[in-house]
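Working notes, beginning with the structure itself.
The values are calculated or read from the model by the stated rules, or taken from the named source; none is laboratory data. No experiment lies behind these values; they were computed from the predicted model shown. Backbone-built Cβ (ideal geometry, glycine too); neighbour counts: all protein chains shown.
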Amino acid sequence: MQNRLKQLKNINKKIGFVPTMGALHNGHLALIEQSKSPDTTTVCSIFVNPTQFNDKKDFEKYPVTIENDIYLLEKASTDILFIPAVDEIYPDGLATNFSYDLGYLETMLEGFYRPGHFQGVCRLMHKLLTIVQPDDLFMGQKDYQQCMVIKKLISIIGSKTILHTCPTLREKDGLAMSSRNTRLNEESRKKAPAIYETLNFLRKNIQTGNLQALKDEGRRKLEQKGFKVDYVEIADANNLELVNNYDGKQELVGLIAAFIQEVRLIDNMKLNIEN
Ligand code: AMP
């Protein structure tokens, strides 16, 4: 992989990189499209990263559809697909004492509800960035906090890679596309757009002052439909600090994580600026 990319860099090709866990959908393919240009080699990786799953069951049930992924990537004219094995990425095993100093980002929202998750994400991404050395990295706004973590990782490791955050692709009914959606049964799939509807509800009803009642109402809407809610939160879109009192000036993002039928879904939406 490194030899091949070195050859391409020698002929002045830029490297665009789209890391994924496979079970590809149009959200992933939109990232590939963003990367593509005549002077760019687009690399996609597929690696279901064991160190970022805090829930063993979630890891075991993560969908794997490699044949179809290859078909979709070929159709999208992706230049290189990188599918490393677990022991290539982690030759010394999965345990480690090392940790990245992610500060506040690791203690709240996804960091709080999925302990160790972002350390695993950073461990993998550090390796992938070292191997691929991309000029441009394309990731989805769907994983808003992850994008912030990766921005921080890039600065921690002193990488020159530029992170591009790409808009969330949605199904017709608003549900954010996600590999995990394939695990939903018919009934849950019908209910799942309630997350998007709740984000829209936050967006429409945001007012200066205390936001607690609005967040509580959002949570209630989801619980009524049978969701088990981890959080309905509103945060500063630039640093993800939680906002309880809106001063009318901050740029805000609404973020939700909730289970339906034991499948954990996340989504977010900018509340007072363009998404
Ligand atoms: P994953 O395979 O879920 O790890 O996602 C790989 C990349 O695709 C990440 O940067 C995600 O944020 C991005 N992604 C996932 N779902 C979507 C979506 N619906 N729209 C845009 N990007 C997405």
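Return yes when R220 is away from the ligand (no atom under 16 Å from the Cβ) and either at pLDDT 95 or above or touching a Pro at 6+ places or on another chain (Cβ under 8 Å) (or both) and no when it is not. Judged against the criteria, R220 is a match.
When N238 is tested against (1) exposed (fewer than 13 other Cβ atoms within 10 Å of the Cβ); (2) under 28 Å from K151 (Cα atoms); (3) more than 18 Å from the chain's Cα centre (by Cα), exactly one condition is not met: (3). Whether any residue in segment 55-68 is hydrophobic (A, V, I, L, M, F, W, C) and crowded, with 16+ Cβ neighbours inside 10 Å is what I want to check. No, the conditions are met nowhere in segment 55-68. Within segment 1-59, being of a type in the set (S, T, Y) and within 12 Å of the ligand (Cβ to nearest atom) holds for T20, S35, S45.
If you go through segment 26-66 and keep only what is over 23 Å from R4 (Cβ atoms) and acidic (D, E), you end up with D55, D58, E60.
Pull up segment 41-62, narrow it to residues that are β-branched (V, I, T) and part of a strand (DSSP E or B), then point me to the one that is nearest to the chain's Cα centre (by Cα).
Within segment 41-62, the first condition is being β-branched (V, I, T), and the residues that meet it are 41-43, 46, 48, 51.
Filter once more, keeping what is part of a strand (DSSP E or B): 41-43, 46.
Values: T41: 22, T42: 19, V43: 18, I46: 14 Å.
Within segment 41-62, the match that is nearest to the chain's Cα centre (by Cα) is I46.
Here Y71 passes the criteria (1) without any contact (Cβ under 8 Å) to a residue 24 or more places away in the chain; (2) under 24 Å from T130 (Cβ atoms) except the one numbered (2). Candidates in segment 136-156 are the residues that are among the β-branched types (V, I, T) and free of Cβ contacts under 8 Å to residues at least 40 places away in the same chain; of these, the one that is farthest from the ligand (Cβ to nearest atom) is I154.
So for segment 167-187 (the condition being within 15 Å of the ligand (Cβ to nearest atom), under 19 Å from L129 (Cα atoms) and not aromatic (F, W, Y)), does at least one residue qualify? No: zero hits. When V18 is tested against the conditions (1) surrounded by fewer than 20 Cβ atoms within 10 Å (Cβ to Cβ); (2) touching a residue at least 24 places away in the same chain (Cβ under 8 Å), the lone failure is (1).
Quick grid of which residues meet (1) under 23 Å from V232 (Cβ atoms); (2) in contact with a His (Cβ under 8 Å, 6 or more places away or on another chain):
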| residue | (1), (2) |
| --- | --- |
| T107 | yes, no |
| Q119 | no, no |
| D135 | no, no |
| F138 | no, yes |
| I162 | no, no |
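The number of residues in segment 101-134 being away from the ligand (no atom under 16 Å from the Cβ), outside any helix (DSSP H, G or I) and crowded, with 18+ Cβ neighbours inside 10 Å comes to 1. Annotation note: Cβ proximity below 8 Å between a residue of segment 56-68 that is of a type in the set (S, T, N, Q) and a residue that is in a loop (DSSP other than H, G, I, E, B) (sequence gap 6+ or interchain) occurs for T65/G22; T65/A23; T65/L24; N68/L24.
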